[in-house]
1. Give the Kirkwood hydrodynamic radius (Å, one decimal) of the chain, defined as one over the mean of 1/r across all pairs of different Cα atoms.
2. Using a cut-off of 14 Å between beta-carbons, work out the net charge of the residues near D146 (Lys and Arg +1, Asp and Glu -1, D146 not included).
3. If you filter segment 100-146 for GluC sites (Glu not before Pro), then keep DSSP loop positions with at most 12 other Cβ within 10 Å, what is left?
4. Taking square-rooted eigenvalues a ≥ b ≥ c of the alpha carbon gyration tensor, is segment 107-150 rounded, prolate or oblate, where a/c under 1.5 means rounded and, failing that, a/b exceeding b/c means prolate?
5. Sort 160-166, 180-186 by the packing proxy (mean of other Cβ within 10 Å over each peptide's residues), most packed first.
6. If each Cα of segment 98-214 is one equal point scatterer, what is log10 of I(q)/I(0) from the Debye formula at q = 0.11, 0.22 Å⁻¹?
7. Ratio to report: Rg/Rh of segment 124-178, with Cα atoms as the point set and Rh obtained by the Kirkwood method; give two decimals.
8. Based on the alpha carbon coordinates of segment 165-214, what radius of gyration and maximum Cα-Cα distance (Dmax) apply, in Å?
Amino acid sequence: MFGSLFKRNKEWQPPEVLGLTIGRGITFDPIALRLLPEDSLIERPDSTLMITAQGHCDLGEQSHMHRFYPDDDRFLIQFQGGDGQSDERVDEIMLWYFYDVQYPSGDQEWNRLKQSIRQNSYTLEGEDGNHRYERAWFDTSTGPEDPMTYWEEVCDDRSGSGRRRIFQTAMLYARGLKDGRDEMLLINMEEPDNAERSIAFMIGFPLERHNFSV
């Protein structure tokens, strides 16, 4: 699982993972997008997204997460696996949709949300009603659990310039859809260096390698 220890590498440059990196486009199979369940809250992206920024998280225990931020800021593509630089092993591919982003007014609101994501379920308010998600991390526990913490380092070009660090506190939830698949909810509390805190509510769906091309 995620760890809170992040070892910063001053020489780090964003690697290619499955050929994807800053300045390249990812094209989705339109059939795969049409197959997203109708009761999912995720929006369908355009068939091609251009990557404008890239993030990396060292999760510990030889596990790494790569995030690709496209020119459409409603979405995030995430690969998990590999060694963070040369090993392109990918264990998981996720397409995330930013369902909502909130900016807490102060510590009280921030701490209230941090306490709520320790619980074993979370109810997300929507235009068509409320949607209940069950905790996917620590799913064998019925009591409160501390969320995961990790650092992400993000840069805006292939040279590694424009780098910034974001400390994140997160919990993952899931709910079953009508077709039997799970829809994921990642609640990500973000604390960038020298920037405003925010809370992202991201709806996620897994992708297979054949669902896209670079």
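1. 17.9 Å
2. Once all neighbours under 14 Å are counted, the net charge is +2.
3. In loop regions of segment 100-146 (DSSP not H, G, I, E or B), the sparsely surrounded GluC sites (Glu not before Pro) are E127.
4. oblate
5. 180-186, 160-166
6. Per q value, in the given order, log10 I(q)/I(0) is -0.45, -1.31.
7. A ratio of 1.16.
8. Considering segment 165-214 through its Cα atoms, Rg and Dmax are 14.6, 43 Å.
Bear in mind these aren't lab numbers, they're just calculated from the coordinates by the rules spelled out. What you see is a predicted model, and the numbers here were worked out from it, not measured in a lab. No Cβ is skipped: glycine too gets one built from the backbone with ideal geometry, and neighbour counts run over all protein chains shown.
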